[in-house]
Structures are given as C-alpha cells and as structure tokens.
C-alpha cells in the first residue's frame, strides 16, 4: 500500500514538471535591421502655369534623346505625381542632377544663361498668330523662346492664363531680346537748319520715365501705327545714338519711331491726312488671304474637328518608350466621329508612325503646302465611312420638312456621326465688295442639317449676326392686307364695284381671274459660277399688283424662312388656322 502511494506521488510530481513545457508558446526571435537609403540629390522644380515636362527638361539642358532615356528615372523620383505628362501648377517635381544624369550615360550641357536685357514691345494679335510665330518674327532665337521668353511673356501679361489662349485683336506685351536690335548707321554731319528737310518726330523714353507715362507712350505709338496703317510686325526698340557734344550722364534711352503729320499750316495738315487715308487704302489692297495651316484649322474647326492645344506633347508607349508629338509640325486633332488624326507634312520614320498607330492615332501624310483641298481629299480617302466629298460641279438637292435646298460648291463635305449626316459647305466671297449671305439663311439651312462656312475674300470667317426669332414679324393673311400689298393700278378692273369683305371671297375671286396660282417660290444666291444656294418653298403666289406676294401654309411659318423670303423681295403672308 505504501509503495502504491509513493508511486502515485511520483507520477504527480513528474506531471507537474513536464506541464509547463507543453503549455508555454514556442520562443520567437525578432531581428531588426535598419538599412539607410541615400537618395541621390536632385533639383526641385515648382511647376508654373503653362509648363509641361518636356519644356521643363529642355530648359534644364536636356536634349530630346536624353529626355527619353531619363523619363523612367523621373517617374521613379516622383511617385506623388499620378500622371507625369499632366503636370499641374504648384506641383513639385524632382529632376535628377547632373551627377545622376551622368550615371545613366547622359551628359547635359549647362542651362542657358539668363537674358541680360530685353525690351517690352506692344503687339496686337492677328488672325492665325501663335506666340511662337510672333516671337520668331521679332527675331528671338528658338533656344531663348523655349527656355526663357515663354515665362517672361506670362510675367509681362498676367491677365493671360497660358500661351495658348491668345485672341484676335488682343493687345499683348512682347519681350524682345536686345540681340535683335538693328545697328544704326553713323549720323551724317549736321546740316544747317535751312538745308535740313523735316524728319519724322521721335519719342524718347528713358528709364527715368514713370511707368504710367511709359504706358501712355506705348499706347500712343500703337495708335499712331494703326492710323497710318503700317503693315508688318512691330520692330524692336532702337537705341538712340550718343550726342556729339558732352552732356550730363543720363540713363540709356530707347527710341520709338513715330511719323505724325508735320506741316506748318492747316493746308499741310489736310494733305497729311489725305496721305494717311491713301496709306490705309494701300494697306487694304496689299492685304493677302489667310492660307496654310491657319486657314485649314479655321475650316476644320467649323466642321467640329478639335485641335489639341500646346506646342509639344508626350504619350507613353508600352514599356519605357514615349511618343513625342510636336504640335507645330504634326497637329493632333479629334475627329467628330471619335478618331484621333495626326497630319504629317514633315516626313516621319516608320517606327514613329508605328508607335502612333499603337496609340490609336491615324497618321495622314500631306504636303507642307497645307492645301485645303488636299486635306479634305486625304480625310475622304482615309475615313470613307465618316467623311465624303461631294463632287465639284454637281448640285446637291435635298428636302427637309417640305423645304427644298439646292447646293453647289467646289468644296462640300458630308460628315456622318452617330448615324446622322451633316453637310458642310464652304461659301467663299470672291471680292471684298461681295455682299454676305442674308440674315436667317444659316438658321434655315441648319434645320436641313446644312452648315455654311461663310468666308470673306481674305479666307476669314464672316457672317451677319443672328436675329432673335421673336424679333421677326410674321404677318397673318387678311383680305385687307393682301389688297393693300397688291396695290393694283386699276382696282375696279380686278374687284369690280364691290370689294371682297372676307379672305375666302378674295381668294376665290383671285382664283377665278387666274391671279392666284399654286407652285414653288425660290430664293437663290450666287458667288461666281461655282457657288450657288437656292431655297424652294411651296406657296400660292398672287399677281395683278406691283409687288411679289406669297401666301404660305402654316407649316412654313418659321420666322427665319419668312425673313429670308422677304429679303428677296417677297411679301409673305401665313394662312390662318
């Protein structure tokens, strides 16, 4: 018994010793290693309004090839930017330094030195102008345009949000580098006052001039140039030659050329103003029509093509490659039916075209002349299901809601979008004296799905302003109004001794005398032998009087249609219900 008790105690003791070993969790060891990653230093750049990645990198000194090679590194350095191709003003972008660029085999030249000085020149935006073209015309080199002068332009014109929002007629201030100034020839010996001929007056602006006075001088010079009708771009400011006699030191001056009428008496003033008018007339005669890309862009935008803004864009390709598109050389636009089109007047290699096709862009190769007819034919051959040219010399006849329309033009396109067809007709006036199309005609044709692109003799958009529908009076036919409009020379011969007292009796009388006939009335417009628009409307015509009278059914009571017919000499009445 004692042995059994001892055995039980021994078992309990052994159980108490081994239990903690099974109840405790296994030991876990944790190792921590701190790895210090040193990021390569780089330049932090704050994105400004109107900047994009390609422009920023180019201003830092990278070439186009280097930019493509370093783009993956820039993407890795800027994980906080969701789309590196769509930078927003105020974003901070990290750009590798020269040492980092050297690691990837890139050698970038030092950035261009800042411009020492520049002149502020006023300029009025004309049709077809772009900021790059304006600066190039003023003699600014490309390197300065893209690296410095675009930013200078935005600083001088704070009311302009970006460089792609210039409007025709807008007055801007241009930064023009001093490198483009003309070197003035040495002044000839000063002749006596009696032998000197009168010279144009010059306005001298010194640095001591107050800002308000300088602005008034600029506006005065701009007004003087507009009065004289001087064509051509504004020339940079000229430096005034140093005087021969010693004078007190003064700030450098700039000379604005101005040529107001200088005459000793009133008769001379009259002659000067006459010469100014002649100068305006000469400038008007020398005005040339808009052509090339600006003209093509104007017409295609009227056809609802949308040109993508900007000078350059970069599109990511599968992998690490990018497609660089220079909008000034190869415009990119969205077609009304949804396709993206690249016009290439500049030759491109097969790889560039293949990359554009990968991104869903259709490349249309054309000649650098930018002929509108060639562009339209290229669109017709590339997109035959959506864009079709109507044969030149063939009339296009259609009917909408009982109104017939006849169109004839050498340039007429039919665009299909979403199952609906819309006709676009180019109407070009041959001479500056050619009258515009009448008010209301555009609205009448729009109901027939016809868009008239009306151009003046200089290929610029031109049409009379639209009239409000409520402002057009549409008369309802009454027997007294029709008799008054007829104004017959011998009323008794037509109406007899008793005048009709109701509209129905008047119409029956006119029908019996064969003075009321049912048919079609037409209003037509011509511009040369190749342009014609005609509108035909069913109506009853009344003869026997001095004027043309048309009585229309209620369904043709559109105010714009009545206005167009009245413009062509018809006195229109609408039959009452």
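Here are the numbers for this structure:
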| read-out | value |
| --- | --- |
| Distance from the stretch 530-547 to the stretch 359-381 (C-alpha centre basis), Å | 41 Å |
| Efficiency of FRET between residue 399 and residue 76 - r from beta-carbon atoms, R0 60 angstrom, step 0.05 | 0.40 |
| Computed over the stretch 118-178, the ratio Rg/Rh where both radii use C-alpha atoms and Rh is Kirkwood | 0.91 |
| Gain on full stretching of the segment that runs from residue 577 to residue 385 - 0.36 nm per residue minus C-alpha separation | 64.6 nm |
| Rel. contact order, % - alpha carbon contacts under 8 angstrom, at least six apart, the stretch 118-178 | 63 percent |
| Relative packing of peptides 365-373, 462-470 - highest average C-beta neighbours within 10 Å first | 365-373, 462-470 |
| Antiparallel content of DSSP bridges confined to the stretch 316-431, in %, to 5 | 80 percent |
| Residue 529-residue 165 FRET efficiency (beta carbon distance; Förster radius 56 Å; 0.05 resolution) | 0.85 |
| Added length on full extension, which subtracts the Cα-Cα distance from 0.36 nm per residue, residue 3 to residue 133 | 35.3 nm |
| The stretch 471-574 shape via C-alpha gyration tensor axes, a/c threshold 1.5 | prolate |
| Burial ranking of peptide ranges 70-78, 524-532 (average Cβ count within 10 Å, highest at the top) | 70-78, 524-532 |
| Rounded to 5, the percent of DSSP beta bridges in the stretch 292-383 classed as antiparallel | 65 percent |
| Within the stretch 466-577, percent of DSSP bridges classed antiparallel, to nearest 5 | 70 percent |
| Per-pair calculated FRET efficiency, R0 = 22 Å: residue 373 and residue 353 via Cβ, rounded to 0.05 | 0.40 |
| Cα→Cβ-extended label distance, 7 Å offset, between residue 304 and residue 458, nm | 3.1 nm |
| All Cα pairs of the stretch 300-355, percent lying beyond 18 Å | 37 percent |
| Gained length - residue 288 relative to residue 328, 0.36 nm times residue gap less alpha-carbon distance | 12.2 nm |
| Estimated inter-spin distance, residue 553 and residue 346, nm [label 7 Å along Cα→Cβ] | 5.9 nm |
| Contact order relative to length of the stretch 437-522, as percent, for alpha carbon pairs under 8 angstrom and 6 or more apart | 19 percent |
| Relative contact order %, the stretch 471-574, counting alpha carbon pairs below 8 Å whose residues are six or more apart | 31 percent |
| Ordering of 499-505, 326-332 by packing [mean C-beta count within 10 Å, highest first] | 326-332, 499-505 |
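None of the figures in this text is laboratory data; all of them are computed from the coordinates on show. Not measured: the values here are computed from a predicted model. Using ideal geometry, Cβ is built from the backbone for each residue, glycine included, and neighbour counts are taken over all protein chains shown.
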